[in-house]
Every structure is written in structure tokens, then in C-alpha cells.
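Read through the structure below, which is laid out as C-alpha cells, and then see the notes.
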Amino acid sequence: MEYSKIIITADQATNIALENFDIQGSAKPLPGEIDFNFKIDASDGQQYILKVSRPDENEDYLDFQQKLLLYASEHAKDLTSPQVVPDRQGNLISEIRDDYGQIRKVRLLSWISGRVWSGVNPQLDGLRHSLGEQCGRLTRALQGFDHPEAHREFVWDVAQGGWTTEYLDLFKNGDKEVISYFQNQFKEAQPGYSKLRKAVVHNDANDNNVIVSGDLIDPHVISAIDFGDSVHTQIINDLAVACAYAIMGHNDPLEAALPIVRGYHHAFPLEETELEHLFMAIAMRLVISVTKSAINKKEEPDNSYLLISEEPAWELLRKWRNINADFAYFSFRGACGYTAHPNEEKFSAWAKKQSLSIDKLFPTVGPNTVYPLDLSVSSKWIGHEKDFNDLDYFQYRLNKLQEEHPSKILAGGYLEPRPIYTTSSYDKKGNKGRESRSIHLGIDFWLPEASPVHALFDGEVVTAVNDAGDKEYGGLVILRHREEDLEFYTLYGHLSVGSATRHKVGVQLRAGDEIGVLGSCTENGNWSPHLHFQIMLSMLDFKIDFPGVGYYGQLDLWKSLCPDPNMLFKLKGLSGKHTAGNDEIIAYRKQHLGKSLSLQYKVPIKMVRGAGQYLMDQYGRKYLDTVNNVAHVGHEHPAVVRAGQEQMALINTNSRYLHENINELAKELLETLPPELSVLHFVNSGSEANELAIRMVKSATGQRDIIASEVGYHGNTNMCIDISSYKFDGKGGQGAPEHTHIFPLPDAFRGKYRGKDTGEQYAMEVRHQIDNIQAKGRGVGAFIIEPIISCGGQIELPKDFLAKAYQYVGEAGGLCISDEVQVGCGRMGTTFWGFQLHGVVPDIVTIGKPLGNGHPLAAVACTQEVAERFANGMEYFNTFGGNPVSCAIGAEVLRVVKREKLQSHALAVGNYLKKELIDLAKKFPIIGDVRGQGLFLGIELVDEKMEPLAAQTDYLANRMKDHGILMSTDGPDHNILKIKPPMVFTQENAEELIFYLKGILAEDFMINY
């Protein structure tokens, strides 16, 4: 029948609710495949769902649904499920005649408040776990229920999915191959699949049938609704359906499925045999979905609900086709607490009985002991990234180490998170940002080129290739072994070309047979000669290679699939070590370090390595750093590191001795400054720089009164705290001291004066403080401010403010200090120093963090006049200020800025990023303001009343961290995200930052403020 002749309108639904159930209210249409569903908002405040069947609906089928709901209500006291509401006559199923005289069955159920799954963003692991748990609890509650209609023929039952083969011709080319592949999988699985446990299950936890709580930060599933697809089928199909819909739209759908599986198993324990078929069952649910969509396009083109999941289903189905079924099975096992590989324990028991000498592997090599070689991300031996990427130097260091331990073989690597896999071929875009394969899955033995390698056990050659797959191994041979009732594989990588080509697949080798010899550097991608030896309990679907490194997030699975090779040898010092977590470090800090020391993020990160604009944790995960302006020219810049190392190897002493380095740094620095600022003093930190600047002020002017901005921060020494409103007006502070005078934060966005032309007004506030000081009979010592106020929230000073303020202070006899600790050394892009943005020349400039690129180095630049007045006879001496090592580093930092054109780079990338952020603000009104210069930017989050949104800002920073991007909050109201990355931050990095900001800004907590 035509769809237009069976559709029910909202007005009709309103009348049905009144006439059949005596409920007065209004109706709103809801999605539905068969029934016409409506939400009824009753006048008494109650809410219901009205379900009107199509004509000639099977009443037994409706009876099945109603009795199922009653059974669930009775047997699932801990679950929220729809309640059946009888009609006026007490019937559980009512009926009407429509406008065409057709009898229509009507049911009314209680409404379950909450959000529909499809409307929840983000859908994180915790939510998916609760989905699995909810579905599992419902299955547990329905145990024992049955009804004749539960055994009906039903196209949405995965177990009956064979019907889809009749419609294979609806698809073409690649899509047809995907459908056919899973249909064949389904057919081949029947002997075992048909014997799985069966029961009546919900069978339809799709994204419109799952109700989620209203909690925007930690939501959970409340209920599954719409029992119309319930059926007696394999229990695993119920989980498959939940997974199929909930993992759509994820980069890594298998990873997204695991919390659902874990939650279901927690509520309703799954059997190992059931997990064998879950991958196929998920696929078949998707095959049914896209086949139904293809059919429905012809039969009911106007019913948009029938097509709602088509594109996401196809996207998921194509991704699912690229996942190895065994890998998925092992993943599901691990999620349920079983050993990921079913033979892991059997192999471990067998391996414990082995005690092989290493000369079985290398009969011609003398040493039978090993020296553990640490190549982990935390290893100090591998040194700087530049060093371990210089393969000649790496080989030299290996040779020297071998000379130190001539009676041992250098070896190690199992489960090491290594930083040496840095190319994009080791990366993927996961569900939480970029992920790198960094966990080494075998043991490396470093031996001379052409060292023979022999088989440990009888085995069949299954792989023998050169330059395998992603070229991890060079020459590669893999053997399959059968020992007792156990099958496993041994992998021999980095062999010579001749070794790999001398064997044919299928050939049997005996224990002790020579497999080949180690390849040269040129045969192994320039790697030093060594053997990569690995054990696998499965080859998955690999034919010509096998991964030698895995993702940290899959560590438990790979550990099970590729057990520790040292179980065979039992060599001391080579036991696979899993990097410990952070709890012990945090506990020690809490006990022994100052209570005022804070940690970044709700879940802190341990960083062990830096490179350019990235930091790396102990597991090898890379984080894009958008906040660390201390590493000005990039974390551990090789030229800066080398400068420090070279000078440290010679001498490090104080500035009372002559040394060229202090002059070299002075020359480099003075080249960047106006000629008026011609005298330098070197210190160790920004705090010391500002402390010294205030001492200079007192000596030069004889005055003690300092004018500073509200929420300004200038350091952590006593004198600096005394002029830092950010500190003394904050927690634990006691307000401004007598000689500190604070004027309002010159914030043209949310400050005392707002708008473009507020510079004069804020300058007058400085003038008022001058008047207050003079009214007390004292003179002005100095005015100190950052050219962009950092802790205040990356506040750009209004136009003409600084010039006017400097004029007023100068006329009053005071000095002007530009605090460039945060903004200096080219970061502004347009100018090298922040004060130059405003066309002024201060009397004193303080320089800090960027100058040493992480090394404690800072400076004070001042005029000759100030310097002469400061030199009043009292010696200024700083033991470490201006030492040769610090000066070598500082000079090289400035040279790198010049040599790599980082100032112009900051301008180009900063302008691009600022423009993209402004465009983002047009889409998300929560971004009230985007401000800053170069690579010193701020994003302020406010509501429509311009009130600060600190909770949303904190949420955004923590969610960005989840995606591997480091951000931090700032400002007096903690509602500003600051962006001040290392200067090597690229446009590609900016694009990545914008991509994830855009995604998280669309999340529920961010848009429902």
C-alpha cells in the first residue's frame, strides 16, 4: 500500500491518545521503521510514547512485545524499561479505524526521559561501556522468557541473514565484494555459529533506541527502548547489533567496540566460542542494514527513516572489511578478560620447559651472555633524536659499547616503547588523535654483518622475502612450528638479501639448519646489522611480512599474540619490561614535594622526551605542544643542545673570568634591540630579571613606587610577587603592598573600558595612579607591563595605550619596564620584541624563558643612563648569570631564530592560525574573542552575557589532551586558552589544532552552557 495512505499525522495521534487512553496532550512524531511513533506530552505533565501499527499488523506479534515488556518490568527491577499503559477498557493493545477504514493497532507506553544516543556527543569509552552493560543486564533479565512470535521469520535477525544473498546484484564493484565477503564468512561459520547459546534478546540497540542520561560530562545509558525487533536468536547477535550502531563514525571501529563488549560481558558473561563469531555477526548486521536500505530505496523512497543509517553503515562496513577477523577475535577476548590469544597460556607452559642456549640461534658467535641495550623512549643511551637518526654515529656508538663488553651480545627491546620509529608510516589517525606504532615486539641481537642465524626448531618456511611490506626487516624469513599440540611462528628479520631468497615457501627446515646471515646496513634500510627475533602465535592475514612494532593502546593484545622470546632463552636482563604508570611518582610528589606545586591536567602526564613541537610520554605517545614557549626554537633543538654540550665539556664558571661566550651572547642580543638599550646584565630566570630591574629602578630614581597592571605576573621572588597582582590578588595573597599601585587590566573585550578606542582611557588609569603616588608626597619609580599580558589572558594592549602610558610615566620621572619574558625573541612575528608593536622604547627590558630554550638563562637590557646610576659602588654579582654554558646556549638560540627565519615563520603561521580561530568563532559563539600576535594567541570563552566559562575552558583543554594536543588555561577567570607553542609550530600543526578544536567545541558540554 502507498505510504501516503498509511501515514499517521501528529493531529491524529493527539486524538487517538485522547479517545483511546483518555490522555489530553500534544503529539510529536518520532522515527520508526514499521510502527508510527509519537511522543505524547500530556496536560498533566506526564509523557508517553504512542505506537500506531500499520494496517493488518499481526496481533500475536504485538502481544509478544507487550508481554516481553511486562516480563522485563517484573524480572529486571534494576533496569529502567518502558511500562505498558492499558487503554480505557484495560486492553494492553487498543485499536482504531483510520481514514481509509483500515483497522490499526495502538499501544501506549511510558516515556523514558533522557537523550537519544544519536544526539549525544561525545560518545566516549565510558558511555559505550554503559551501553554494553545495559544490554547485557537486559539479556540477563530476559532469560527464561519465550513466546511463539519470538521464533518468527525476521529479516533483522542476524542468524537469518542468509536472505541477503538474494539481493547481491543490487550492489556493484567494491561494495559487492565487501557484501559477498561477509556473506561467505557467515555461510562458513554456520557449523559452530548455529550451536551458540540462544535466547530472546532486545536485538535493536540502535542509535535511536538507546536513552542516555542528561549528564553532559559523564553520561550513561539509562534504557533500551522499542522492543519491536526482539527475537529468539544467538545471544551474541544482541551484542553485535549494539556494536554495529555505536561504533559508526569512528576512525578505529574495532577499538570503539571493545568497551561495549567489556560492559556486556561484565553484566552477562560471554563464552569464548561466542566471541569467535562476534566480528562476523557485527558485519552481517551491517550487511542486512545496507541491503534493506537498497531495497527500501525502491519500495518506499519517501520514508527517510529507512535510509537514516545507510551511509554510516557503508563507511563502517568498508572499514570492517579491512580488519583481520582473528585480530578482532583476540581483541574481544582481551576485552572480556580472557587471554587475548587462546594459546597464550599453553605456549607459556611449553616455553617454561625450554632452556635454550643462545648459541642455538648463533652457533658461530662466541658469547653466550647478553648485555641489555636500552633503546626505549626514556633511554639516556640513545641520546638526542639527531644522534639516533645519524645511523653512522649510531653504529659507531654500538661498536664502542661492544668493545666495552666484548664477551657479551648486545640485545634487548621486547615491549620497549621506542622513539626511533618516527616516519608517518608508523602513524595512524585513531579515535583519540594521532597514534604511533612504538612498542617493539621482538628482541634485537646486535651482531656483525654476515653472522649466521640458525633455526631453533623444526619448521616450515611460510615467508621468505626481501624488503618486506613497510621495510621494517630487510631480508625476512618466518617459520611455522608445531611442538606437541602447539602451533607458533618464529620471525627472523634484517637478514641479507641472499638469505631471504634462498628459501621457498613450504620448505621444511630442521632445528639447527642455517636460515641465513645478517644483512649489511645497505640491505636493512641503513640499520646497523642485527637480528630482529620475534615469536607469533598467529600470522593473522599477513603473507609477506608481520608487524615488528605495535600501538601502545593494543599492548596487552600484542603481548599475548607475540610472547616474550626470552621465555625460550631465560637470559638475565632481557625480561620484557612494561613501563610503570604514574601513580608512584604522584604519590611521592604528594609526600615530599611542596604542596603548592601543581600538576597539569586531571590525569597528569609523564614526559620523557621532546623534539621540535612535540613532547613524548614514557609509552612513546607524541603530544603536539601548543603552550610551551620555554622551548622557544623547539624542544631539544639539536644546535642548541650541541652548543650546551660542547661548552659543558670544556668549562663552566662565573663571569669574573674572561670568556668569549658572554660577549657573543651580548652581540647577538644587542643586534635585536634599539640602540638606546645598549647595556646588558645576565641572570638565570625571568624572576631574577624583573627583580634586578626593580633594583635598578630604585637606584636610578631613588623611588620605590611601582605601577603595574591588574592580573599582571612578573615572577616568584619576593619583590616580583609584590608587583604581581596575579599573585597577591589571588588565592593566598594579601593584596597590594604599600608601594605597588594597580590599574585596571587594559582588556578591551571584557575590561572596565570596552571597544577599539579605549587606549586613552586605560592610559588615564595609569595617570590616576601617578596622581595617587604624588598625592602621598612620593615619586614614581617605574611602570612595568608585558606588551601582551600573559597570565591576564593573552591581553593585547589597546592602540595608543602604551605610548600614552610611557609618556605619563616619563613626565613623572619614572622608568618604563617592558617585561618580555613571555613574548620576546621574535614570537610576535611582526617585530622581534613586543614593545616594538607599540612604537615605544622602554628604559629597561627583561628577557627570560625563550632565551635559553629551557636552560635557565635570562637578561636585563637597559639604557646607559640607567646602567650608570645602578653602578653606585655596590657590586652586582650572580654566580651563574652569564656563565659560558648558558651564554653558548643563548647565543645559539638567537642564531637559530635568525638562521631558520623563525620570526617570519611565526608571523605566517600565527596569522593563518588566528584567521582560522576567528572563523571558528563565527561557528561557535562560545568563543567570544580571539586575540594576540604571531605565535602568542588567546581564545576567550564566554556565554551570551559575556560571563566567563571556566568549566568549559578546562573541559576543552583536557579533551584536547585526550587527542594528543597540549593546551592550557589562563586569565583571572580561567576562561582563556593560551596558544604559545615552540616557534617551529607549522601550518600543518595549526590545521590539526583547528580540526580537533572544531570537533570538541561541538560536544554537548561545550554547546549546552
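The values are calculated or read from the model by the stated rules, or taken from the named source; none is laboratory data. Just so you know, these numbers come straight off a predicted model, no measurement behind them. Here the Cβ is made from the backbone with ideal geometry for all residues, glycine too, and neighbour counts use every protein chain on show.
Pairs linking a residue in segment 550-563 that is closer than 17 Å to SER436 by Cα and buried (at least 21 other Cβ atoms within 10 Å of the Cβ) to a residue that is among the basic types (Lys, Arg) and modelled with pLDDT under 95, with Cβ atoms under 7 Å and 6 or more positions apart or on different chains, are TYR551/ARG437.
Here is a yes/no grid of residues against (1) surrounded by 17 or more Cβ atoms within 10 Å (Cβ to Cβ); (2) on the phi < 0 side of the Ramachandran plot; (3) not in a loop (DSSP other than H, G, I, E, B):
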{"position": "SER113", "(1), (2), (3)": "no, yes, no"}
{"position": "CYS135", "(1), (2), (3)": "yes, yes, yes"}
{"position": "THR139", "(1), (2), (3)": "yes, yes, yes"}
{"position": "GLN143", "(1), (2), (3)": "no, yes, no"}
{"position": "TRP156", "(1), (2), (3)": "yes, yes, no"}
{"position": "THR164", "(1), (2), (3)": "yes, yes, yes"}
{"position": "ASP175", "(1), (2), (3)": "no, yes, yes"}
{"position": "ILE179", "(1), (2), (3)": "yes, yes, yes"}
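Residue-by-condition table, conditions (1) assigned to a loop (DSSP other than H, G, I, E, B); (2) of a type in the set (A, V, I, L, M, F, W, C); (3) under 18 Å from SER376 (Cβ atoms):
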| site | (1), (2), (3) |
| --- | --- |
| LEU597 | yes, yes, no |
| LEU615 | no, yes, yes |
| ALA639 | no, yes, no |
| ASN663 | no, no, no |
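When restricted to residues that are acidic (Asp, Glu) and either at pLDDT below 90 or on the phi > 0 side of the Ramachandran plot (or both), segment 501-533 contains 1.
Restricting segment 652-711 to residues that are at pLDDT 95 or above, out of contact with any strand residue (DSSP E or B) (no Cβ under 9 Å at 6 or more places or on another chain) and of a type in the set (Asp, Glu) leaves a set whose member that is farthest from THR740 (Cα to Cα) is GLU664. Could you go through segment 89-100 and let me know if any residue there is under 30 Å from ASP22 (Cβ atoms), part of a helix (DSSP H, G or I), in contact (Cβ under 8 Å) with a residue 12 or more places away in the chain and not small (Gly, Ala, Ser). Taking every residue of segment 89-100 in turn, none turns out to be under 30 Å from ASP22 (Cβ atoms), part of a helix (DSSP H, G or I), in contact (Cβ under 8 Å) with a residue 12 or more places away in the chain and not small (Gly, Ala, Ser).
The set of residues in segment 42-53 being in contact with a Lys or Arg (Cβ under 8 Å, 6 or more places away or on another chain) and surrounded by fewer than 17 Cβ atoms within 10 Å (Cβ to Cβ) consists of GLN47 alone.
Can you say whether HIS741 is surrounded by 20 or more Cβ atoms within 10 Å (Cβ to Cβ) and outside the structural domain of MET946 (by TED's automatic domain parsing), as far as the supplied structure shows? Considered against the rule, which asks whether it is surrounded by 20 or more Cβ atoms within 10 Å (Cβ to Cβ) and outside the structural domain of MET946 (by TED's automatic domain parsing), HIS741 comes out as yes.
Okay, residues lined up against (1) within 24 Å of ASP929 (Cα to Cα); (2) modelled with pLDDT under 95; (3) within 38 Å of the chain's Cα centre (by Cα); (4) aromatic (Phe, Trp, Tyr):
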| site | (1), (2), (3), (4) |
| --- | --- |
| PHE728 | no, yes, yes, yes |
| THR740 | no, no, no, no |
| ARG750 | yes, no, yes, no |
| MET764 | no, no, no, no |
| LEU802 | yes, no, no, no |
| GLU820 | yes, no, yes, no |
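Pairing residues of segment 266-289 that are assigned to a helix (DSSP H, G or I) and aromatic (Phe, Trp, Tyr) with residues that are modelled with pLDDT of 95 or more and surrounded by 21 or more Cβ atoms within 10 Å (Cβ to Cβ), at Cβ distances under 8 Å and at least 6 apart in sequence or on separate chains, gives PHE279/TRP320; PHE279/ALA328; PHE279/TYR329; PHE279/PHE332.
Here's the yes/no breakdown for (1) among the aliphatic types (A, V, I, L, M); (2) touching a residue at least 40 places away in the same chain (Cβ under 8 Å):
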position	(1), (2)
LYS346	no, yes
ILE382	yes, no
ASP390	no, no
ARG397	no, no
GLU404	no, no
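For segment 796-811, how many residues meet the condition of being out of contact with any Gly (no Cβ under 7 Å at 6 or more places or on another chain) and farther than 24 Å from LEU937 by Cα? Summing the residues that are out of contact with any Gly (no Cβ under 7 Å at 6 or more places or on another chain) and farther than 24 Å from LEU937 by Cα in segment 796-811 gives 6.
Among the residues of segment 497-547, those that are of a type in the set (Gly, Ala, Ser) and out of contact with any strand residue (DSSP E or B) (no Cβ under 6 Å at 6 or more places or on another chain) comprise GLY498, GLY506, ALA511, SER520, GLY525, SER528, SER538.
The single condition from (1) of a type outside the set (D, E, K, R); (2) more than 30 Å from ALA328 (Cα to Cα); (3) part of a loop (DSSP other than H, G, I, E, B); (4) at pLDDT 80 or above that PRO563 fails is (2).
The strands (runs of 3 or more DSSP E) falling completely within segment 437-529 that include 2 or more residues that are within 23 Å of VAL370 (Cβ to Cβ) and in contact (Cβ under 8 Å) with a residue 24 or more places away in the chain map to 443-446, 452-454, 475-483, 486-495, 514-517. Of the residues that make up segment 290-309, is at least one part of a helix (DSSP H, G or I) and at pLDDT 95 or above? Looking through segment 290-309, at least one residue is part of a helix (DSSP H, G or I) and at pLDDT 95 or above. A search for C-beta distances below 8 Å between a residue of segment 957-984 that is without any contact (Cβ under 8 Å) to a residue 24 or more places away in the chain and any residue that is part of a strand (DSSP E or B), counting only pairs 6+ apart in sequence or on different chains, returns THR969/ILE976; THR969/LEU977; THR969/LYS978. Scan segment 709-728 and give yes if some residue there is touching a Pro at 6+ places or on another chain (Cβ under 9 Å), surrounded by fewer than 21 Cβ atoms within 10 Å (Cβ to Cβ) and within 19 Å of GLY890 (Cβ to Cβ), otherwise no. Scanning segment 709-728, I find no residue that is touching a Pro at 6+ places or on another chain (Cβ under 9 Å), surrounded by fewer than 21 Cβ atoms within 10 Å (Cβ to Cβ) and within 19 Å of GLY890 (Cβ to Cβ), so the answer is no. Candidates are the residues of segment 178-189 that are under 34 Å from the mean Cα position of the chain (by Cα) and not aromatic (Phe, Trp, Tyr); the one that is nearest to LYS297 (Cα to Cα) is ILE179.
In segment 122-133, how many are crowded, with 18+ Cβ neighbours inside 10 Å and either in contact (Cβ under 8 Å) with a residue 24 or more places away in the chain or touching a strand residue (DSSP E or B) at 6+ places or on another chain (Cβ under 6 Å) (or both)? Summing the residues that are crowded, with 18+ Cβ neighbours inside 10 Å and either in contact (Cβ under 8 Å) with a residue 24 or more places away in the chain or touching a strand residue (DSSP E or B) at 6+ places or on another chain (Cβ under 6 Å) (or both) in segment 122-133 gives 8. HIS768 meets each of the listed conditions (1) of a type outside the set (D, E, K, R); (2) part of a helix (DSSP H, G or I); (3) surrounded by 18 or more Cβ atoms within 10 Å (Cβ to Cβ) apart from (3).
In segment 217-254, the residue that is surrounded by the most Cβ atoms within 10 Å (Cβ to Cβ) out of those that are polar (S, T, N, Q) and part of a loop (DSSP other than H, G, I, E, B) is SER230. Residues that are surrounded by 13 or more Cβ atoms within 10 Å (Cβ to Cβ) and farther than 21 Å from ASN524 by Cβ within segment 387-407 comprise just one, HIS405. Residues that are over 24 Å from GLU820 (Cα atoms) and crowded, with 21+ Cβ neighbours inside 10 Å do not occur anywhere in segment 591-602.
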